[in-house]
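Let me begin by presenting the structure, written as structure tokens, before commenting on it.
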Protein chains: 2
Amino acid sequence: MGYRVDMTPATTSARPPGRPRSGVNDVVFAATLSTVHELGYARATVDRIAAAAGVAKTTIYRRWPSKGALIVDCLLDAFGPVPLQGTSRSELMSSAIHWIAAKIGEPGVGDAFAGVFSDAISDPALREVLSARLQDPYRLALQDALGEPENRVLFFIDVVVGTLLHRLGMTGVPMVDSDVAELVQMVLPHFGGDADLT
Amino acid sequence: MGYRVDMTPATTSARPPGRPRSGVNDVVFAATLSTVHELGYARATVDRIAAAAGVAKTTIYRRWPSKGALIVDCLLDAFGPVPLQGTSRSELMSSAIHWIAAKIGEPGVGDAFAGVFSDAISDPALREVLSARLQDPYRLALQDALGEPENRVLFFIDVVVGTLLHRLGMTGVPMVDSDVAELVQMVLPHFGGDADLT
DNA sequence: TAATTTCGCTACCTCAAGTATCGATACCTA
DNA sequence: TAGGTATCGATACTTGAGGTAGCGAAATTA
């Protein structure tokens, strides 16, 4: 039960023979988010996602080896790169927190994030994919931008993402702006504030 | 699909006729935690829990209407009352954080907590039970002890529990003591520290 | 035209939550 | 001691979701 997410055929320089894949990945991603948004993570079955995308279920399983892998790719697509804006450490951290809070607030994104995260609890293979493909890139970007060691950035991510997801999971509603602002106010002093600029 | 957790027959002053229930609730709780600890939340099926407890599956469904309800009751039993120790606000908050961190570190407890929490994301009825039976008592106790309004205590819980569960879910290992200590160091100043004693 | 690959479609397998039923058992009351 | 009642274990079942197998049709290259 491998979690190799990228099932794109090995890209050789020459175009391989046979029928090329139709470019419906984006349609599937959109259908995934909208289905998760409307029905919740557990009721957003692969059958329903396929139907919403106007695609056969088998087509989805040809491209992603599992529902979890599909969600991870969908989230990667939804998140995009971290916009690390600002010159001071405070501005960088603050922008990162507001960015992830906004993403989690987008329809379907927060539910999909929390859902795949919860599946990973009892699925070490999925946890590996989640960590390597979704968390590590952002963690490395933060390490680089902030000049903090790995364990401190991991702690930062645990606090920010954990808090946002716990609120969403417990209430069903994403954190409001004032609470996100309070989160920023709590986190920044602990991580050095404006002491040193980049 | 009701989530009425307490399926104990309505207690009248007179003892009802018929065969009384065998006192195996504690055995079922212990079997639940050990099974979740060994297999993870998703693979800890009700069949397996029943087998581990030496009880028929139907007996479990006579006492709890769903797996989620069983887990909630199991966690209530495992957590017990919050030991709010100390006289200063800092001591109270610090003891509460260390207490929940230790509970989440107990074998099976953290996995069961994270598991039922994640099920609740796409199950509003279970979320209601989780909030009312598991979170509200502790939230009220904290409000009373700290003299903080509801929204601030909710934020406190989101930060502490969210952070601990995110670490557990992402790594499969509970937070180590040094990280819990750092969490305390980060949270306490934001919530007023030692400013006013109780 | 032939080879190759993806497409949609249908049927299927496995597993887990939850339900139904039944004879056996334990308790109370008369 | 006999009868009523509710729980017990055991078995079988239903429902739904993840995931697979195999088919003929369609799209591309050589």
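Compactness of chain A is given as radius of gyration and Dmax, 18.4, 59 Å, from Cα positions.
Counting protein heavy atoms only, chain B has 55 percent of its accessible area on carbon and sulfur, 1.4 angstrom probe.
Calculated mean residue ellipticity at 222 nm for chain B: -20000 deg cm²/dmol, from DSSP H runs with n ≥ 4 weighted as -39500 (n - 2.57), summed, divided by the residue count and rounded to 500.
Between copies, the label points of B:ASN151, set 7 Å from Cα on the Cα→Cβ line, lie 3.7 nm apart, reported in increasing order to one decimal in nanometres. Backbone amide hydrogens, once placed in the peptide plane, bring B:SER88 within less than 5 Å of nothing, excluding anything fewer than 5 places away on its chain.
Scanning residues 5 or more positions from B:VAL24 or on other chains, none has an amide H under 5 Å from its amide H, with H placed 1.01 Å from N in the peptide plane. In the assembly of identical copies, B:GLU106 has its label point, taken 7 Å from Cα in the direction of the beta carbon, separated from the corresponding points by 4.1 nm (ascending, one decimal).
About the centre of its Cα atoms, chain A shows a dipole size close to 1100 debye [charges on the beta carbon of Lys, Arg (+1) and Asp, Glu (-1) only; nearest 20 debye]. When you work out D = kT/(6 pi eta Rh) for the protein assembly as shown at 20 °C and 1.002 mPa s, using the Kirkwood radius from C-alpha pairs as Rh and the Stokes-Einstein form, the result is 94 µm²/s. Charging the Cβ of each Asp and Glu at -1 and of each Lys and Arg at +1, and nothing else, the dipole of the protein assembly as shown about its Cα centre rounds to 2060 debye.
Diffusion coefficient of segment A:25-75 by Stokes-Einstein, Kirkwood radius over Cα pairs, 10 °C, 1.306 mPa s: 153 µm²/s. Residue-wise HN-Hα couplings along segment B:118-128, as the Karplus relation 6.51 cos²θ - 1.76 cosθ + 1.60 with θ = phi - 60° gives them from phi, are 6, 4, 5, 4, 10, 9, x, 5, 5, 4, 4 Hz; Gly and Pro carry x.
Position A:THR45: other-copy label points at 1.8 nm, ordered by increasing distance, label point 7 Å along Cα→C-beta. Within the listed set B:LEU70, B:LEU33, B:LEU183, the residue fluctuating most in the Gaussian network model of chain B (springs between alpha-carbon atoms under 10 angstrom) is B:LEU183.
With each label modelled as a point 7 angstrom along the Cα→C-beta vector, the B:THR87-A:ASN25 pair spans 6.4 nm.
For B:LYS103, the lysines whose Cα falls under 23 Å of its own Cα, not counting residues fewer than eight places away in the same chain, are B:LYS67.
In chain B, the beta carbon lying closest to the axis that superposes B onto A belongs to the residue given here with its whole-angstrom distance, B:SER118, 1. A straight line joining the Cα centroids of segment B:28-74 and segment B:128-151 runs 27 Å. Burial here means at least 50 square angstrom less accessible surface with every protein chain in place than with the chain by itself, probed at 1.4 Å; in segment B:121-158 the buried residues are B:ILE121, B:SER122, B:ARG127, B:PHE155, B:ASP158. Points 7 angstrom from Cα along the Cβ direction at A:ASN151 and B:GLU128: gap in nanometres? Each label point is offset 7 Å from its Cα along the Cβ direction, giving 4.5 nm. The A and B chains share an interface that buries close to 3300 Å² of accessible area, total over both sides, probe 1.4 Å.
The values are calculated or read from the model by the stated rules, or taken from the named source; none is laboratory data. Note that the coordinates shown come from a computational prediction; the quantities given were computed from them, not determined experimentally. A quick note on method: Cβ atoms are made from the backbone with ideal geometry, for glycine too, and the neighbour counts reach across all protein chains shown. Remember, those area values only see protein heavy atoms, side chains included, never the ligands or the DNA or RNA. Shrake-Rupley method; radii C 1.70, N 1.55, O 1.52, S 1.80 Å.
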